[in-house]
Amino acid sequence: MLPKIELHLHLEGAAPPAFIRGLAREKHIDIGGIFDDRGNYSFTDFWHFLRVYEAATSVLTTPRDYARLTEAVLDQSAASGVIYTETFLSPDFCGGRDVAAWRDYLAAIRETALRIAGQGGPVLRGIVTCIRHFGPDKARETALCAAETAGDFVTGFGIAGDEKVLAPRDFAWAFDCAREAGLRLTAHAGEWGGPDSVRAAIRDLGVERIGHGVRAIEDLALVDELAERGTVLEVCPGSNIALGLYPGWRQHPIGRLFDRGVRVTVSTDDPPFFHTTMEREYARLAEALDWDDGVFARLARTALDAAFCDAETRKAIARRLEDAHA
Ligand code: ADE
Ligand code: ZN
């Protein structure tokens, strides 16, 4: 199995449905209606997906829940050959953006991650993420949580949520705060918004990576600009297809972006929601685009170069990549 680097994974979005149901049962919380007959998450479109996601997250109420979630998610990642992954963490869901509470949640996640890495499992880093449709005031509080806890584990700051509301510039204060704390920056853009949304994220937030970014393909001048700047796209093809952005793997633009020189990487976003895994993403791309191990090795190297980790960690992971390809 090829070793994989994943840059775009929402921690709550990676929760297996059985894990969420188990917690709901333990806590006698009614989250009825978010699963289908087969026990999978059920939603009709992206906006419904966001509501189901937030409902599922409502059963995660303690640091211990997040420790258990982190372990379940890293087990899934390891099963796909992932050796390094970055996950979006939301103080909105972890203590309601209260810094002291956030520290407790974060400690539980970090300690679990370090234990698993110490046992030879995937190495994890956290990207604190504000949620666009929760608005700029909450994003400011989220950025303060991020700034307070920036360090060896929290290494990045980002924004997710509904790209159709508000604008990147509304979140400039939060991103400036995170940047001043030494955090590296990424933003979801070019998923539900077009090329101008990607341009605005780069111009107004100063991000070095874009979550998704695939709709840049609608403006080839922008594609060339991304290639020239070396902006890395965290592409999640299975997520885009599951949410109806593209009808199928052959129509997905990742191949065209790659061929035109954009630094693309591959991630799963919210894998159980979209019936995917890193292993499945690789298999579908190999089928649809005829990509071979050489292409996948290049993608992994691009992802590692763009990873929000320190030089020593990058070197250690590079050694593991090289050993696997030797
Ligand atoms: N939160 C979780 N998954 C997301 C996605 N694909 N886009 C925006 N926000 C998200
Ligand atoms: Zn995402």
*So what is the orientation-averaged projected area of the chain, using the convex hull of its C-alpha atoms, in nm²?*
15.1
*Can you run phi through the Karplus equation (6.51, -1.76, 1.60; θ = phi - 60°) for the range 40-54 and list ³J(HN,Hα) in whole Hz, with x for Gly and Pro?*
8, 4, 10, 7, 9, 7, 4, 6, 5, 4, 4, 5, 5, 4, 5
*Can you work out the FRET efficiency for the pair Glu322 and Asp219, with r the C-beta to C-beta distance and R0 = 35 Å, to the nearest 0.05?*
0.45
*Using a cut-off of 13 Å between alpha-carbon atoms, which aspartates and glutamates can reach Lys315, once sequence neighbours fewer than 8 places away in the same chain are excluded?*
Asp305, Asp323
*Mind listing the long-range amide H neighbours of Arg263? Cut-off is under 5 Å, sequence gap 5 or more, other chains count too, H placed in the peptide plane at 1.01 Å from N.*
Leu233
*State the Kirkwood hydrodynamic radius of the range 1-151 in Å, one decimal place, computed from all pairs of distinct Cα atoms.*
16.1
*Taking the Cβ of each residue in Leu245, Leu9 as the centre, tally the other Cβ atoms inside 10 Å and list the residues starting with the fewest.*
Leu245, Leu9
*Quick one: Thr231, Thr61, fewest Cβ neighbours within 10 Å first, how do they rank?*
Thr61, Thr231
*Eligible lysines near Lys138 by straight Cα distance, threshold 22 Å, same-chain separation 8 or greater*: Lys164
*Gap separating the Cα centres of the range 69-105 and the range 270-326, nearest whole Å*: 20
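Computed from the coordinates by the stated procedures, all read-outs in this text should not be read as laboratory data. All figures in this text were calculated on a predicted structure; none of them were measured in a lab. Backbone-built Cβ (ideal geometry, glycine too); neighbour counts: all protein chains shown.
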